[in-house]
Amino acid sequence: MKSFNTPSNSSTINGFILLGFPCSREGQLLLFVLFSVIYLLTLMGNASIICAVRWDQRLHTPMYILLANFSFLEIWYVTSTVPNMLANFLSDTKVISFSGCFLQFYFFFSLGSTECFFLAGMAFDRYLAICRPLHYPSIMTRHCCTNLVLGCWVLGFLWFLIPIIIISRMSFCGSRIIDHFLCDPGPLLALTCKKASVIELVFSALSPLPLVIPFVFIMGSYALVLTAVLKVPSAAGKRKAFNTCGSHLAVVSLFYGSVLVMYGSPTSEHEAGMQKIVTLFYSVLTPLLNPVIYSLRNKDMKRALQKF
């Protein structure tokens, strides 16, 4: 890992400063309590779904196996940022080490990419269940489901490995302040001593792909699902099909809606406050809401959770 040098001297600085949410000491304590409660509720909600799927034999199907893995992912996704955020609320220095910063950077983006791949995998499962119901048992076998799960994890964690290794080996100069609550690539690249346009171009090209490719796949899957549902003659059949997809669509809308606001809005490039709020929504609040959405809209999951 390269050292962090100031322009005036070559003294080594041990890390970066994450500003987080600057406010009074009382405000910091209030935010600490608020996010502690959100974090604990997120862990409890997603862990409950995992346990319900594990112990209810009726939920040992590809749809719920994917959901259990997704909940496991959400636990680690929120853990990649919130514990450090909570520590910063109580810290006077708000320093994060080089290794801590780049580890957080890697896990946050890798887990986020894995989430996109899982959402696409779940959309594929719903497409098969509705558009190919007779072939569903022969296509979505246990072996296929296992490969789908492993593929999501492997792709998500390999995607950003090389760009993050390259960025972590660069030298950083001047201010070490990151106006965010996590190590975001934009502020990090702004602190490099020498502007590496090639690295920035590679990162800019690679970063959107785990978002865009699964999103296009999800939209294509649901376009086919919608076409198939509209051909169902009975209203009860249509309602059942929409209920099957409703929870997943709600989760996709929450996650991709906030991410598109973050990376699609021109104001998000300039306003640090907007960046923090939107990042907070898809990195902290979405993992909290997902168990609620799945438990409220899915009768089998609701019964399993009540039994658990």
Cysteines of the chain without any disulfide-compatible partner (other Cys Cβ under 4.7 Å) are 23, 51, 116, 131, 144, 145, 152, 245
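Output the Kirkwood hydrodynamic radius of segment 129-189, Cα pairs only, in Å rounded to one decimal.
It is 15.6 Å.
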Let me cross-check residue 60: its accessible surface, 1.4 Å probe, with only protein heavy atoms counted, in Å² to the nearest 10?
70
Report the Cα centroid-to-centroid distance between segment 277-299 and segment 203-258 in angstrom, as an integer.
17
Lysine pairs in the chain with Cα atoms under 25 Å, if 8 or more residues apart or on separate chains:
13
Looking at the P(r) of the chain, how many percent of alpha-carbon pairs lie beyond 25 Å?
54
How many percent of Cα pairs in segment 82-232 exceed 25 Å?
46
Accessible-area composition of the chain, carbon plus sulfur, in percent [1.4 Å probe]:
70
Using just the alpha carbons, could you tell me how many Å³ per residue the convex hull of segment 145-269 encloses?
147
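The values are calculated or read from the model by the stated rules, or taken from the named source; none is laboratory data. This structure is a prediction, so every number in the text was calculated from the model and none was measured. Reconstructed Cβ throughout: ideal geometry from the backbone, glycine too, with neighbour counts over all protein chains shown. Just so you know, the surface numbers come from the protein's heavy atoms only, side chains and all, with ligands and any DNA or RNA stripped out. Shrake-Rupley method; radii C 1.70, N 1.55, O 1.52, S 1.80 Å.
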